[in-house]
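The values are calculated or read from the model by the stated rules, or taken from the named source; none is laboratory data. Nothing here was measured: the structure is a model prediction, and the numbers come from that model. With ideal geometry, Cβ positions are generated from the backbone for all residues, glycine too; neighbour counts draw on all protein chains shown. Heads up: the accessible areas ignore ligands, DNA and RNA and are worked out on the full protein's heavy atoms, side chains in. Shrake-Rupley method; radii C 1.70, N 1.55, O 1.52, S 1.80 Å.
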Amino acid sequence: MRSYRYTTFCVMLTGAMLLPVGWCGGAVVKAAPSVEHSPLVSKTMLATAGVNKTIGTYGFEQGNSEGWKPRGANTQIASVSEAAYGGTHSLKTTSRTANWNGAELDVKPLLQPGVEYEISGYVKLDGKAAVPSVIKLTVEQQSTGGSTEWKTVAQTETADTAWVKLQGRYKFTGNMDALKLYIENSNPAQAYYVDEVEIRQVSETPVTPSPTEPTGDVVSAGFEEGTTQGWVSRLGSEKVRASNADARTGSYSLLTTGRQQAYAGPKLDVTAKLQKGSQYTVSAWVKLASGEQPAKVRLSVQRDYQGKSAYETVIGDTAITTGGWAHLSGTYTLAHDADAVSMYLETAAGTSSFYMDDFELSLVPPLAIEKDIPSLHGIYQGQFNIGTAIMAFQTEGAYGELVQKHFNSIVAGNEMKPVSLQPSEGQFHWEEADKIVQFAKQHGLAIRFHTLVWHNQTGDWMFKDKNGQPMTPTAENKKLLLDRLETHIRTVAARYKNDITDWDVVNEVIDPDQPDGMRRSMWYQITGTDYIEKAFRVTREVVGPNARLFINDYNTDEPKKRDFLYNLVRDLLAKGVPIDGVGHQSHIRLEFPSISQIEQSIEKFASLGLDNQITELDMGLYSNDTDRYETIPESMLIRQAQRYRALFDMFSRQQEHISNVTIWGTDDGNTWLSNFPIARLDKPLLFDERLKAKYAYWALVDPSKVPVLSAGVTK
């Protein structure tokens, strides 16, 4: 490729003519400052540049910043002659205090929507920091009337002081209020030089594939060019490189060594590859390096949004050895807003070195529901509501259509849990929960609230004393914790009291292995059972007498746990605590528990005059925590259908005691059982990952469509 130190055209004063390189006064001219910022070039002239033409070059030879500005309050930039890739000058960036600080250029006047650009430049570290840095070319785009997003154009990792090239492609669609190109550095203290930045237009028309015509692999990495293909070290201490010492296919794979933490490993920035709400298949092959002991590896996602990071397991712990390549395979849906998204490999424990090969990230074709089949909730009209757990992104598209057609009740899978609504004290995040509520109101759906109080997915701050230390059982800490509990409930319940009638007030408070049956959560350690009583009384005060308040738990069919829960609820009712019903999570399996056990539990709590709701129903296909199928046998899906039918027949018998049956998820492509208790294929729900009706659905709607097995239903 040609050097970028020479401009592709120059501007003559006479007639403002465009002439070839080398004809400006008979001398070769280095790139002028950004042609858009030159007073001699109009936007009309830029438009004539056409496809595959340079529209902006920056070499900093005039001794100024050529339109670039400092990004960050303390950042300083200057054209200097102490280092240069081409010519005698470059732009130096110093006094950085954050990774996103650096040199920034307003490119809104240069770029057009729907057009693809190639952006390149050379970067050099100043040599005063020894740790590796990840250098990125990034575009900050602020859509008109919308949110701000950060798109990575190119990145590389280096600890060297030689010039490194960044080159990648960028496009955007829609109207933008701001477009800023900048260079960031993962080491906030590291100064750097930049030179020979070029922006080239490489298409005239939008290049985004039609959402109805997906185009195969989004990312495919086999490392056969002897490069990491964008994979970098996640923490900076481990070494990630292409290696020809071992490979699943071809000659090269990606080798990661020098890991200091279990969560250290190779990382790939996929921000520009993923669209919110779309589903992707993820596949990778992993093998331990020679001499390592057997380990477990998993593939995870880090989502960064507004300065906070969240972590998701895409493919759970998978055993790997030195003896062969293990296949990691799963699906991922970007369900939340994100400024940056990266995929990475980590181990469950230890710091083993390992190879990775044949990584693929592929867009799943758009989903569509079957519109000509019966509505599921219509089958049980007049008996009980049929609900499903959703995430905010499932209020749109095919997921939203599935929910509207088959369910008349919804619950938020995560968006209303304590840490989702109040991740830090006094800072409430409502956006995603509000989106679910608005969707329900728009389509006439009932809403279950899950959950006001839980020992999991609650911000750590809740259990810190006034000095920020973990709470110990004292009168002062008890008052502080109960006050925080009351504030959370009053704030949340007041916001949704006019929209939600069924509330999971407390969740999972029973532990049958304890002498008194109470879970030794921080709630219990600090307050005893007072937090339960407080939660119900405050909730009733806020939401009023017509709302139904539930205590929710799993394995309520187990006699010992059931009886502990029964005794607790009976005693609370005797004290006047306003409990209206019991939520039975009902995460069951193909083989157990028996349907009669589930029915006995419903009848036992009904004897207290309480309502019962089935709150998190799914039916895992495995009988243990170790088996794994690559393909689920059809016979298992038929048996699952028969068991679902028997289960719902029992619910119908008990309809006077049951007001709601909620399925924990819309489809098999969005189930927590993909990674619990281990990473494996499981199909626990009524619709498959393509939103098509399974035998389990037909067993409830039209059993004649389910094949008959001689073994019959498993009781």
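For this structure, a couple of remarks:
- Among the GluC sites (Glu not before Pro) in the stretch 568-648, those placed in a DSSP loop whose Cβ has at most 11 other Cβ atoms within 10 Å are Glu630.
- Area accessible to solvent at Asp160, 1.4 Å probe radius, in Å²: 90 Å²
- Added length on full extension, which subtracts the Cα-Cα distance from 0.36 nm per residue, Thr321 to Gln525: 69.2 nm
- On full extension, the segment bounded by Val364 and Gln442 gains 25.2 nm, given 0.36 nm per residue less the C-alpha separation.
- The order of His584, His429 by accessible area, most exposed first and with a 1.4 Å probe, is His429, His584.
- Under 5 Å, built H, 5+ apart or other chain: amide partners of Ala547: none
- Nearby aspartates and glutamates by direct alpha-carbon distance to Lys692 (threshold 14 angstrom, same-chain neighbours under 8 apart not counted): Glu370, Asp372, Glu401, Asp667, Asp668
- Summed residue charge, Cβ within 12 Å of Leu568's Cβ, Lys/Arg positive, Asp/Glu negative: -1
- Contact order relative to length of the chain, as percent, for alpha carbon pairs under 8 angstrom and 6 or more apart: 8 percent
- Under the Karplus curve 6.51 cos²θ - 1.76 cosθ + 1.60, θ = phi - 60°, whole-Hz ³J(HN,Hα) for the stretch 338-353, x wherever Gly or Pro sits: 8, 7, 8, 9, 9, 9, 8, 9, 9, 10, 5, 7, x, 10, 4, 7
- The stretch 223-331: trypsin sites (Lys or Arg not before Pro) in DSSP coil with no more than 10 other Cβ atoms inside 10 Å: none
- Note on the stretch 72-128: percent of Cα-Cα distances in each 5 Å bin, starting at 0 and stopping at the bin with the largest distance, equals 4, 15, 20, 21, 18, 14, 7, 2, 0.
- The distance between label points at Ser309 and Trp672 comes to 2.4 nm (points 7 Å beyond Cα on the Cα→Cβ vector).
- Rounded to the nearest 10 Å², the accessible area of Phe592 at probe 1.4 Å: 90 Å²
- Reported label for calculated semi-axes √(5λ) of the Cα gyration tensor in Å given [x] 72, 32, 25; [y] 46, 36, 26; [z] 54, 28, 26: [z]
- If you sort Arg540, Arg490 by accessible surface, 1.4 Å probe, largest first, the order is Arg490, Arg540.
- Note on Tyr263: accessible area is roughly 110 Å² with a 1.4 Å probe, heavy atoms of protein only.
- Heavy-atom surface of the chain, accessible at 1.4 Å and reported per residue (Å²): 42 Å²
- In loop segments of the stretch 477-545 as defined by DSSP, there are no chymotrypsin sites (Phe, Trp or Tyr not before Pro) with at most 11 further C-beta atoms inside 10 Å of their C-beta.
- Here's the picture: charge each Lys and Arg Cβ at +1 and each Asp and Glu Cβ at -1 in the chain, and of Gly258, Val218, Ile199 the one pushed furthest to the positive end of that dipole is Ile199.
- Couplings for the stretch 563-577, taken from phi via the Karplus curve 6.51 cos²θ - 1.76 cosθ + 1.60 with θ = phi - 60°, read 5, 4, 5, 4, 5, 4, 5, 4, 5, 5, 4, 5, 8, x, 6 Hz in order; Gly and Pro are left as x.
- Put simply, the amide H of Thr615, placed in the peptide plane, has neighbours under 5 Å in His584, Gln585, Thr662, leaving out anything fewer than 5 places away on its chain.
- Radius 9 Å from Cβ of Gln597, net charge of other residues (Lys, Arg +1; Asp, Glu -1): -2
- Cα centroid separation, the stretch 502-528 to the stretch 54-74: 60 Å.
- Charge dipole (the stretch 591-715, unit charges on Cβ, about Cα centre) - positive-most of Ala646, Ile658, Gly669: Ala646
- Residue-span extension gain [Ser237 to Val202] - 0.36 nm each, minus C-alpha spacing: 8.9 nm
- Whole-angstrom gap from the stretch 444-495 to the stretch 241-258, using each part's C-alpha centre: 48 Å
- Nitroxide proxy distance, nm - points 7 Å out along Cα→Cβ at Gln112 and Phe428: 4.8 nm
- Ranking Thr331, Pro366, Gly316 by Cα position along the charge dipole of the stretch 285-409, where only Lys, Arg, Asp and Glu carry charges on their C-beta atoms, puts Gly316 farthest toward the positive end.
- Assigned charges on the beta-carbon of Lys, Arg, Asp, Glu; the stretch 232-386 dipole about Cα centre (debye): 280 debye
- Under 15 Å, Cβ to Cβ, from Leu402 - net charge with Lys/Arg +1 and Asp/Glu -1: -3
- Taking amide H as placed 1.01 Å from N in the peptide plane, Val270 has its amide H under 5 Å from the amide H of Val341, Ser342, Met343, each at least 5 places away in sequence or on another chain.
- In order along the stretch 373-388, the phi-based Karplus estimate (6.51 cos²θ - 1.76 cosθ + 1.60, θ = phi - 60°) of 3J(HN,Hα) comes to 10, x, 6, 5, 5, x, 5, 10, 4, x, 9, 6, 5, 10, x, 8 Hz; Gly and Pro are listed as x.
- Overall, the accessible surface of the chain at a probe of 1.4 angstrom is composed of carbon and sulfur to the extent of 48 percent.
- Solvent exposure ordering (accessible area, 1.4 Å, most first) of Trp150, Trp68: Trp150, Trp68
- Dipole magnitude (debye, nearest 20) for the chain, charges at Cβ of Lys, Arg, Asp, Glu: 680 debye
- Projected label distance in nm at Phe592 and Asp513, using a 7 Å step from Cα toward the beta-carbon: 1.6 nm
- Dipole magnitude of the stretch 630-715, debye to nearest 20 (Cβ charges: Lys/Arg +1, Asp/Glu -1, about Cα centre): 200 debye
- Here's the picture: a label point sits 7 Å out from the Cα of Thr249 along the beta-carbon direction, and within the stretch 597-638 nothing has its amide nitrogen under 11 Å of it.
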